[in-house]
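To start, the structure under review is shown below, and the notes come after it.
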Amino acid sequence: MTQASQIKTVVFPVGGSGTRFLPITKSVPKEMLPILDQPLIHYCVQEAREAGIERFIFVTGRGKVAIEDFFDRDISLERELTEKNKRDYAKKVREVSLESGQMIYVRQPEPLGLGHAIACAAPWVNNEPFAVMLPDDFILNKNGPGALAQMIEAYDYAKSPCMAAVMTVPQEATSSYGILDPAGSTEGQLIAAKGLVEKPKPELAPSCEAIVGRYILPPQIMDELLKGKTGAGGEIQLTDAMAKLIPENGFCGYRYVGDRYDCGNHEGWLQANNAAFALRKKAEEEKAA
Ligand code: G1P
């Protein structure tokens, strides 16, 4: 078995409150904000399915039941649509739902950081490598496989079991990201790092290579996270736990192919909608031609 073919589990940290999208996030989880007619989290699940993932762990919190309902089957709606001869819609509704036993919902009791959210899934990852996807990071690859499928493909060639998607950001933006301290060249698609820093000030950033919300992690990361050490912002940081594993496991950044939109803010979310609309229109036109 290749290492990559072991990756069957994804963890989605979806407990965050979505303050920047208030007031809508008062009653709508931020992961349910739409890109066209699909919620953000649905794009992540599609990207994960395409990458061969079979177990979906959602780390949720208060007010997130809409996510569970969305991926649940709605037999009466499917029947109603079929009876009204709206079979295309019935199919769409059916395709969203995950099979029973594929999804696990775990609660994060307190907002103690991304690392803490991931640690809440520790009992369910079966001591295997697993993926993590952050729904705020919407990645569109117009002409090929999604970012996670690309990473899983590259995983067997990476010299580390600890991998994260990477993009180059402007120097003034480093304080919004986990930043790599590169071990060598940053030119290729795989970038080794000898250190990682969470949200460094621009003048202190070791590079402009920033982590984007797609990870493949070894199960040992859970032991590190469960120590509960706090870092930047007083939170338990995933970046710090990955950095701790570097002496033994190394770290590999993966420069994915695709456009990333930060849907954690209004501008990124609007741009993502525009890009998704243009792509869908093009696909419809090609189908009609
Ligand atoms: C998180 C991570 C950060 C990463 C970013 C990508 O930060 O902590 O290392 O670069 O996601 O979007 P957040 O944006 O949740 O503050």
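Test GLU209 against the criterion of being of a type in the set (D, E, K, R), at negative phi and surrounded by 21 or more Cβ atoms within 10 Å (Cβ to Cβ), and give yes or no.
Yes: the conditions hold for GLU209.
Tell me yes or no: at least one residue of the stretch 178-186 is more than 13 Å from the ligand (Cβ to nearest atom), in contact with a Lys or Arg (Cβ under 6 Å, 6 or more places away or on another chain) and closer than 18 Å to ALA131 by Cβ.
Taking every residue of the stretch 178-186 in turn, none turns out to be more than 13 Å from the ligand (Cβ to nearest atom), in contact with a Lys or Arg (Cβ under 6 Å, 6 or more places away or on another chain) and closer than 18 Å to ALA131 by Cβ.
Tally up the residues in the stretch 144-156 that are within 15 Å of the ligand (Cβ to nearest atom) and over 23 Å from PRO247 (Cα atoms), please.
2
Report, ordered by the first and then the second residue, all pairs with beta carbons closer than 9 Å, sequence separation of six or more or different chains, a first member in the stretch 159-179 that is farther than 21 Å from GLN220 by Cβ, and a second member that is of a type in the set (Lys, Arg) and within 10 Å of the ligand (Cβ to nearest atom).
MET167/ARG260; THR174/LYS199; SER175/LYS199; SER176/LYS199; TYR177/LYS199; ILE179/LYS199
Looking at the stretch 130-143 only, could you name the residues that are surrounded by 22 or more Cβ atoms within 10 Å (Cβ to Cβ), over 18 Å from SER176 (Cβ atoms) and either of a type in the set (Phe, Trp, Tyr) or away from the ligand (no atom under 16 Å from the Cβ) (or both)?
PHE130
Tell me which residues, restricted to the stretch 84-98, are part of a loop (DSSP other than H, G, I, E, B) and either among the small types (Gly, Ala, Ser) or modelled with pLDDT of 95 or more (or both).
Passing the criteria: LYS84, ASN85, LYS86, SER97.
What pairs come up if the first residue lies in the stretch 262-289 and is in contact (Cβ under 8 Å) with a residue 40 or more places away in the chain, the second is of a type in the set (Val, Ile, Thr) and surrounded by 10 or more Cβ atoms within 10 Å (Cβ to Cβ), and their beta carbons are under 8 Å apart, counting only those six or more places apart or on different chains?
Short answer, once both residue conditions are applied: CYS263/ILE35; TRP269/ILE35; ALA272/ILE35; ASN273/ILE35; ALA276/ILE35.
Would you mention how many residues in the stretch 103-120 are of a type in the set (A, V, I, L, M, F, W, C) and more than 16 Å from the ligand (Cβ to nearest atom)?
3
Would you mention how many residues in the stretch 1-60 are of a type outside the set (A, V, I, L, M, F, W, C), buried (at least 16 other Cβ atoms within 10 Å of the Cβ) and assigned to a helix (DSSP H, G or I)?
Matching residues across the stretch 1-60 total 7.
Which of the residues spanning the stretch 99-140 are touching a residue at least 60 places away in the same chain (Cβ under 8 Å) and assigned to a helix (DSSP H, G or I)?
Scanning the stretch 99-140 gives LEU114, GLY115, HIS116, ALA117, ILE118, ALA119, ALA122, TRP124.
Select from the stretch 236-275 the residues that are farther than 23 Å from PRO219 by Cβ, under 15 Å from the mean Cα position of the chain (by Cα) and among the aromatic types (Phe, Trp, Tyr) and list them in ascending order.
TYR256, TYR261 - these are the residues of the stretch 236-275 that are farther than 23 Å from PRO219 by Cβ, under 15 Å from the mean Cα position of the chain (by Cα) and among the aromatic types (Phe, Trp, Tyr).
Need pairs with beta-carbon distance below 8 Å; first residue closer than 18 Å to SER176 by Cβ and within the stretch 227-244, second away from the ligand (no atom under 13 Å from the Cβ) and assigned to a helix (DSSP H, G or I); sequence gap 6+ or separate chains.
From residues that are closer than 18 Å to SER176 by Cβ, the pairs are LEU238/ILE221; MET242/ILE221.
Being under 19 Å from the mean Cα position of the chain (by Cα), over 30 Å from GLU235 (Cα atoms) and touching a residue at least 12 places away in the same chain (Cβ under 8 Å), is that true of even one residue in the stretch 74-90?
no
Given the criterion at pLDDT 95 or above, of a type in the set (Lys, Arg), more than 13 Å from the ligand (Cβ to nearest atom) and not in a helix (DSSP H, G or I), identify the matching residue among LYS229, LYS159, LYS194.
LYS194 is the lone residue from the list that is at pLDDT 95 or above, of a type in the set (Lys, Arg), more than 13 Å from the ligand (Cβ to nearest atom) and not in a helix (DSSP H, G or I).
What's the number of the only condition in (1) farther than 29 Å from HIS42 by Cβ; (2) among the charged types (D, E, K, R); (3) modelled with pLDDT of 95 or more that LYS199 fails to meet?
(1)
Here's the yes/no breakdown for (1) within 16 Å of the ligand (Cβ to nearest atom); (2) out of contact with any Leu (no Cβ under 9 Å at 6 or more places or on another chain):
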| residue | (1), (2) |
| --- | --- |
| GLU203 | no, yes |
| PRO206 | yes, no |
| LYS244 | yes, yes |
| GLU248 | no, yes |
| GLY253 | yes, no |
| GLU285 | no, yes |
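The values are calculated or read from the model by the stated rules, or taken from the named source; none is laboratory data. For clarity, every value in this text was computed on a predicted model and none was experimentally measured. For neighbour counting, all protein chains shown are included, and Cβ atoms are generated from backbone atoms with ideal geometry for every residue, glycine included.
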